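K.L.:
Dropping the structure in here first, questions after.
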């Protein structure tokens, strides 16, 4: 039987490995060591590795230790708790608080003094309040009563959303009875936002959130390539729509020059709506902001942008068609204008619907959203332009 590895050597061994490779490495370790190493990893990385641990895919064959190790990395605020560096009873005075601060070895870490009655959190006092208070004034008179505090077991995602509305440097955490358990640093929560946002940018184009710059080539290939195949299939769908109007393009050659123009503008409009929708989902804003209101906003924005851009594109088509000797130059410009308005309006709708649909079906809202969005906008924009040209001019 192989001797158990030290935690440090095991951590070095999995550094830079893909989740499945890291899971195979950890699978040879004792359950307690697996639990410790998973707890030292970033949350998203630890979840990805835990999902690949032996037996994770088969609920009937999971051993209890591995299941416990995986469940211990569930994103809860308790994982981020630190001992509160300054806790005083509500009967203490401002002078006693100053004396406490002078004698404290960790004074640089103190942002607030948490005030308790017994063990129950009843208030918070900032440094400015201590300085301005009279020496004999009780802390109960100058504290902020009933301060905001995280409850034990609060999910990290929910905590991040609450922190975004407050921007406090430190947050107290309490149990169900209101007893002070510790505190959470604001930077730890916003670090979580950074991880989410940086992963989201890659997820929109089919890059796994687990992939890092240190991911091996084969691991990166396995994560990226399936979505490229999906993109290829969706591109075939757009190409099929264009091929249906091959005769129209043959007779009105000027249309071919404006196909990428229309696709590019509608695609950009859709990506703008997509970015706002994903931001709303990530920050929890869509929990309170009605989706129909967001949809109405993006429809109006798409139409407005389509009109302004369509006028410029229509004039460009008119000039280009006139120079090329097309007999219906004015109508071609009008076709481009109407198609641009329709494509930009539709892309705004798709920018909202695509991520919400993915979320509804239990998928990552950001994962490959832009791939599907680009396909829909290409089909709508190019199809609408070619259809109008065929119906009006031929």
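The values are calculated or read from the model by the stated rules, or taken from the named source; none is laboratory data. Please read all numbers here as calculations on a predicted model, not as lab measurements. Here the Cβ positions follow ideal geometry from the backbone for every residue, glycine too, while neighbour counts run over all protein chains shown.
K.L.:
Among 316, 321, 389, which is modelled with pLDDT of 90 or more and part of a helix (DSSP H, G or I)?
P.N.:
316
K.L.:
Would you pick out the residues in region 128-156 that are assigned to a helix (DSSP H, G or I) and within 10 Å of residue 77 (Cβ to Cβ)?
P.N.:
Hit for region 128-156 is 156, nothing else.
K.L.:
Something else about it: Given (1) assigned to a helix (DSSP H, G or I); (2) under 30 Å from residue 160 (Cβ atoms); (3) at pLDDT below 90, identify the lone condition not met by residue 289.
P.N.:
(1)
K.L.:
May I pose another question? Would you check if residue 274 is closer than 17 Å to residue 371 by Cβ, assigned to a helix (DSSP H, G or I), under 29 Å from the mean Cα position of the chain (by Cα) and without any contact (Cβ under 8 Å) to a residue 40 or more places away in the chain?
P.N.:
no
K.L.:
Now for a separate question. Of all residues in region 113-155, count the ones that are under 24 Å from the mean Cα position of the chain (by Cα) and crowded, with 19+ Cβ neighbours inside 10 Å.
P.N.:
So the count comes out to 1.
K.L.:
Of the numbered conditions (1) free of Cβ contacts under 8 Å to residues at least 40 places away in the same chain; (2) surrounded by 14 or more Cβ atoms within 10 Å (Cβ to Cβ); (3) under 23 Å from residue 173 (Cβ atoms), residue 97 fails exactly one; give the number of that condition.
P.N.:
(1)
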